[in-house]
Amino acid sequence: MGMILLGTMLLLFAMSIPVAFAVGLTSLVYMLASGNVPLPFLAQRMVAGVDSFPLLAIPFFLLAGELMSAGGITKRLVRFASALVGHITGGLANVVIVANMVMAGMSGSAVADASAAGAILTPPMLKSGYPPGFTAAVNASAATVGPIIPPSINFVIYGSLAEVSTGRLFAGGIIPGLIMGLYMMGVSYVIARRGQYPRSARASLRELGSATAGAIAPMLMPFTIMGGILGGVFTPTESAVVAAFYAMLLGFFYRELRVRDLPQVFAKVMVNSSVVLFITAVFAVGGWIVAFEKLPQMLTGLFGPIAKNPILVLVFINIIFLTLGCFMDALPLLIVVVPMFLPLVRGAGIDLIHFGVLITLNLMIGLLTPPVGMLMYICCRLANVGIEEFVKYAWPFIAALIVVLALISYFPQTVLFMPRLLMGTR
Amino acid sequence: MSRVYRALHIVIFRVGVLVFAILMLNILVSIAARYLDLPITNIDWVEETSRFLFIWLSFLGAALAVERSAHIRIDFFARLLPARARMVLEILVYLGMVVFAAVMTYEGALISMRAGDRSPVLLIPMSYAYLALPVGGAAIVLFALRILFGLVTRWAQGEGYVDASGQVEAE
């Protein structure tokens, strides 16, 4: 039965039925076929699936990101980043990476960051003569730090699925996020040097000063979010609301956001978050069935003798998810497939915080790899370039990110050091 | 017919945005209350109303996402099909969505009529939370039916599926 169920779901996915509806129809088929699960269960579980205070952080982190770009905050951060690193070899590519790292500290979504920063930075990059393929590649790759550097909606979802502390996940993402940024700047340095790409003139002290002054108010936000969560001042959900509210006030203060813009912004965010939340709701029905049919245990069985070796388990899981990531988006994979692997991960003695951070990085790489990759699509469209051209320039970045993934998979300390330092050993 | 859809869109849009705004205000007030020692310090109260509003937000948003074709799909294989076959597949996709949303509406309506339990703190009937399911579900059915109707009409006229990028694929 379990295999038939999995087969039905994969068939529906392949038919391009939206993921949430495919999972829902599979559950429906199961309930009707097995006859031992009453239908009202479906309705009850769907509501229970989103009846969660921690998941409430999702719409508000997305709202913060949307208000940042609508309210002119992103623009100011980009200006700050260009004054800071625009003159280093790699020029605007460094600006893209640094701007994304700073934005990552306020918004929780790679896709939102890529569209916001990409829209601002792609035109000047093309105009200064960077190859379009490189422009798209660096914008897409840099956005992968978004969900690793806290806050992160991926961590919020994983935290609620794996029942671990979102705050610890947030803290765990800090070091891997910084490593990713440095590695990618290294890659762009090498490519830029070889290709003789232009770089900006060093910003005058005055420009650096005024750009920094403009960025101070937005830059307080990441510290408020992390400081507030770590200090127990507020929960991750409350920090998301505070971040969104702060971004809104700044937008009004900069006079770039008007009250009458708000309904459209809210509606857009509502749609984007419901896309995730509806999958979560429907999966609460399917997730129960998966457990019922003992699919996770079957998976552990499949790993057989190596199921107790954490290194090998991580190697295989990373390969499986990098492959799946080529065909599926990160969030459906996170909600639908990752939970099936959790018993295996737990059984191998892998720390669930460590796993959460590394699997999120893994799924972010999936957003860059063809044929299906959300970040790739967005940035290719912005730079008006084809996928082949993108891949030509993106592979060194993808390779660098895979090296970082291997690094943080092999050394749990890279993830676990910060939560232990900031929040004690549990 | 299009006037009915216009009205439906406006209602879902406005109620959704309102729910979102109240939700935000609700949590902001609770944080303020905690740090400014305002008399309304019962956090359970906020958490409960927030969860009710959040359930509504999720299902109303899911309906708007159907209207905007925003739900995540894996269209890798579908893109390989010729335009006419793709059109038939697209019709099947929307039929599948209508079926699931119809079950969701029916079962949601039953459970919101039957559920007698109340929330622990405010004693709000849980029916009000469950009601989001049939309302959101019915809106999904209606929005999906409209898209389905358009697809079937174009299929009957012998047209192929036009991809979101706006290019008509060669047959």
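The values are calculated or read from the model by the stated rules, or taken from the named source; none is laboratory data. None of the values given here were measured: they were computed from a predicted structure. Cβ atoms come from the backbone with ideal geometry, glycine included; neighbour counts cover every protein chain shown. All accessible areas refer to the heavy atoms of the entire protein, side chains included, with ligands and DNA or RNA removed. Shrake-Rupley method; radii C 1.70, N 1.55, O 1.52, S 1.80 Å.
A few points about this structure:
- The residue pairs whose first member lies in the stretch B:100-119 and is facing another protein chain (nearest Cβ under 7 Å) and in a loop (DSSP other than H, G, I, E, B), whose second member is open to solvent by 40 Å² or more (accessible area, probe 1.4 Å) and modelled with pLDDT of 95 or more, and whose beta carbons are closer than 9 Å, counting only pairs six or more residues apart or on different chains, do not exist in this structure.
- In the stretch A:39-56, residue surrounded by the most Cβ atoms within 10 Å (Cβ to Cβ) [restricted to those that are hydrophobic (A, V, I, L, M, F, W, C) and more than 23 Å from the chain's Cα centre (by Cα)]: A:46
- Test result for residue B:21, more than 7 Å from every other protein chain (Cβ to nearest Cβ), under 22 Å from residue A:266 (Cβ atoms) and assigned to a helix (DSSP H, G or I): no
- Filtered by the rule that a residue be in contact (Cβ under 8 Å) with a residue 60 or more places away in the chain and hydrophobic (A, V, I, L, M, F, W, C), the stretch A:407-420 gives A:407, A:408, A:415, A:416, A:417, A:418.
- The number of residues in the stretch A:227-279 that are facing chain B (nearest Cβ under 8 Å) and open to solvent by less than 20 Å² (accessible area, probe 1.4 Å) comes to 15.
- Complete set of residues in the stretch B:1-40 that are modelled with pLDDT of 85 or more, open to solvent by 100 Å² or more (accessible area, probe 1.4 Å) and within 25 Å of residue A:245 (Cα to Cα): B:14, B:18, B:25
- The number of residues in the stretch B:41-79 being open to solvent by 20 Å² or more (accessible area, probe 1.4 Å) and assigned to a loop (DSSP other than H, G, I, E, B) comes to 10.
- Of residues in the stretch A:346-365 being modelled with pLDDT under 95 and in a helix (DSSP H, G or I), the one nearest to residue A:153 (Cα to Cα): A:346
- Residue match in the stretch B:56-78 (condition: more than 30 Å from residue A:373 (Cβ to Cβ) and either in contact (Cβ under 8 Å) with a residue 24 or more places away in the chain or more than 8 Å from chain A (Cβ to nearest Cβ) (or both)): yes
- Among the candidates A:18, A:59, the residue that is free of Cβ contacts under 8 Å to residues at least 12 places away in the same chain, within 23 Å of the chain's Cα centre (by Cα) and open to solvent by less than 10 Å² (accessible area, probe 1.4 Å) is uniquely A:18.
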